[in-house]
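Colleague: Pasting in a structure now, in structure tokens, and then I'll have a few things to ask.
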Amino acid sequence: MITKSKLKLIKSLNRKKIREEHQLFIVEGYKSIRELLNSGLIAEDILIVSGNHQLDDLESEIISAKDMNILSNLKTAPGYLAVFKMNQKQELPKTGKIIALDDVKDPGNLGTIIRLADWFGIEHIVCSNETVDVYNSKSVQASMASLARVQVHYTHLKEYLSNSLLPIFPTAMGGTSIYKEKLPEQGIIIMGNESHGISEELLAIGTPISIPPYGKLQNTESLNVAMATSVILGEWLRSSSI
């Protein structure tokens, strides 16, 4: 039977400091838990509300719906919650197709970008230290377990980019159209903050690119950063394969 102290620890994992201290994070929902397990991540605890049986083939603990509601970070607790060990940290990437994120604040956007990276075969995302935590519960849920297959790094972004030998493409409204710029097989594309875009110091590094608007009435201020990432990655894969 799970102890009160364990329940207390699990609840405290909604705080970044505690997650980093214990190198643990929470995942909710049967599908996400199963996919992370199938991808090789290690679960320390799997908790199931009495009456749910889809994870009966694994070692798990049955808890009450009341306890699950206390632990859950979702409006409606799905009845399945697992505590996973964090990915082992790897060295910052030096080659390949890389996404860099400058001060992206919304955890849902980060999770969606991780999922997009997985879809398009991008293995590494390099984030500024100001970018939202990848193990934030909303980031985890939005990633749909893709974080098992995509390495997310945090570093001083300007220093990393300045030392890179890869071509760099910051995204900006005034940049060259991605449909006119020949994107290379390997490189770094920088996506910026939801409100302010990319910082001026990073814009000065590399060749700015943009997604041109085609609507007749240009009332749309900009694209959501995750939406923009989707468009750019699709064009990057197409352009570099020609």
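The values are calculated or read from the model by the stated rules, or taken from the named source; none is laboratory data. Everything numeric here is computed off the predicted structure, so don't read it as measured data. Here the Cβ is made from the backbone with ideal geometry for all residues, glycine too, and neighbour counts use every protein chain on show. What goes into the accessible areas is simple: the full protein's heavy atoms, side chains included, and nothing from ligands, DNA or RNA. Shrake-Rupley method; radii C 1.70, N 1.55, O 1.52, S 1.80 Å.
Colleague: Check whether at least one residue in segment 173-186 is touching a Leu at 6+ places or on another chain (Cβ under 7 Å), open to solvent by 50 Å² or more (accessible area, probe 1.4 Å) and of a type outside the set (Lys, Arg), and report yes or no.
Modeller: Within segment 173-186, one or more residues are touching a Leu at 6+ places or on another chain (Cβ under 7 Å), open to solvent by 50 Å² or more (accessible area, probe 1.4 Å) and of a type outside the set (Lys, Arg).
Colleague: Output the residues belonging to segment 35-80 that are open to solvent by less than 50 Å² (accessible area, probe 1.4 Å), within 21 Å of Val150 (Cα to Cα) and part of a helix (DSSP H, G or I).
Modeller: Within segment 35-80, Leu36, Leu37 meet the criteria.
Colleague: Any residue in segment 65-85 that is over 9 Å from Gly29 (Cα atoms) and modelled with pLDDT of 95 or more sitting within a Cβ distance under 6 Å of a residue that is surrounded by fewer than 13 Cβ atoms within 10 Å (Cβ to Cβ) and hydrophobic (A, V, I, L, M, F, W, C)? List the pairs, counting only those 6 or more apart or interchain.
Modeller: Taking only residues 6 or more apart or on different chains, the pairs are Lys85/Ile42.
Colleague: Within segment 134-172, count every residue that is open to solvent by 20 Å² or more (accessible area, probe 1.4 Å), of a type outside the set (Lys, Arg), closer than 21 Å to Leu202 by Cα and modelled with pLDDT of 95 or more.
Modeller: 13
Colleague: Which helices (runs of 4 or more DSSP H) sit wholly inside segment 102-199 and have at least 2 residues that are in contact (Cβ under 8 Å) with a residue 24 or more places away in the chain and more than 22 Å from Ser72 (Cα to Cα)?
Modeller: Once the helices (runs of 4 or more DSSP H) in segment 102-199 are filtered for at least 2 residues that are in contact (Cβ under 8 Å) with a residue 24 or more places away in the chain and more than 22 Å from Ser72 (Cα to Cα), what remains is 107-120, 157-163.
Colleague: In addition: Say we look at segment 15-34 and pick out the residues that are part of a loop (DSSP other than H, G, I, E, B) and at pLDDT 95 or above; which of these is surrounded by the most Cβ atoms within 10 Å (Cβ to Cβ)?
Modeller: Result: Gln23.
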